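Structure record follows, encoded as structure tokens.
The values are calculated or read from the model by the stated rules, or taken from the named source; none is laboratory data. Since the model is a prediction, treat every value here as computed from it, not as a measurement. All Cβ positions, glycine included, derive from the backbone under ideal geometry; neighbour counts span all protein chains shown.
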Amino acid sequence: MTWIKCVDPKKAAGRTKQVYDRIQKERGHIANIFLAQSLDPDVLESHLDLYVTLMIEPGPLSREEREMVAVIVSAANRSAYGAVHHSEALETVEKDSEALYKLVKEFATKHESPRHKALLAYAAKLTLDPKEITEDDIKDLRDVGFSDEEILRANLIASYFNFSNRIALGLGVELEEGKARTYKY
């Protein structure tokens, strides 16, 4: 599951059990990315709070756009864990089994939504070459209709998934099998 020990949900006690119970209630099960952080339940809960705020609660970007950023960042980082989880989430949110294919097509062609193309380009550049981000990148987002609130949220989500991908990659977090990957969206 990971390269470090994790607290087994069946043996959890105290603060860890409280956080696990919350995750189980809100998300349907405890993902390996959360199990990997179980030795530090305060950080685990803060991570969960940030995830819920950025990805679940109402915000300036649509759920589809949020999941698109998650997939692009995870793919750019070569994080199978994040890419698989969030491509499945994208398909669930979109209620479309072709959503991942459409996302790749969107990113790779000139003929799709300028808004989504700009969003994905920004997220990929922030991931792969962050020191090269300039004010022109922000202007490109504004030019296709993004508000500053939406730009901030896009930045925060891309940054969050760079953080989360590094947890998964740095601790050897394995992808769950089958129904263990099914969440409440």
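Given the criterion part of a loop (DSSP other than H, G, I, E, B) and either at pLDDT 95 or above or not small (Gly, Ala, Ser) (or both), identify the matching residue among 61, 44, 54, 119.
Of 61, 44, 54, 119, the one residue that is part of a loop (DSSP other than H, G, I, E, B) and either at pLDDT 95 or above or not small (Gly, Ala, Ser) (or both) is 61.
Answer yes or no: is there a residue in segment 7-17 that is in a helix (DSSP H, G or I) and under 21 Å from residue 153 (Cβ atoms).
Scanning segment 7-17, I find no residue that is in a helix (DSSP H, G or I) and under 21 Å from residue 153 (Cβ atoms), so the answer is no.
Which of the residues belonging to segment 5-17 are surrounded by 13 or more Cβ atoms within 10 Å (Cβ to Cβ) and of a type outside the set (Ser, Thr, Tyr)?
Let us first name the residues in segment 5-17 that are surrounded by 13 or more Cβ atoms within 10 Å (Cβ to Cβ), namely 6-7, 9, 12, 15-17.
Correct list: 6, 7, 9, 12, 15, 17.
In a loop (DSSP other than H, G, I, E, B), surrounded by 13 or more Cβ atoms within 10 Å (Cβ to Cβ) and modelled with pLDDT under 95 - does that describe any residue in segment 153-172?
Filtering segment 153-172 down to residues in a loop (DSSP other than H, G, I, E, B) leaves 172.
Okay, now just the ones that are also surrounded by 13 or more Cβ atoms within 10 Å (Cβ to Cβ), so 172.
Within this subset, residues satisfying the condition of being modelled with pLDDT under 95 are none.
No.
Residue 125 fails exactly one of the following numbered conditions: (1) farther than 23 Å from residue 56 by Cα; (2) modelled with pLDDT under 95. What is the number of that condition?
The one condition residue 125 does not meet is (2).
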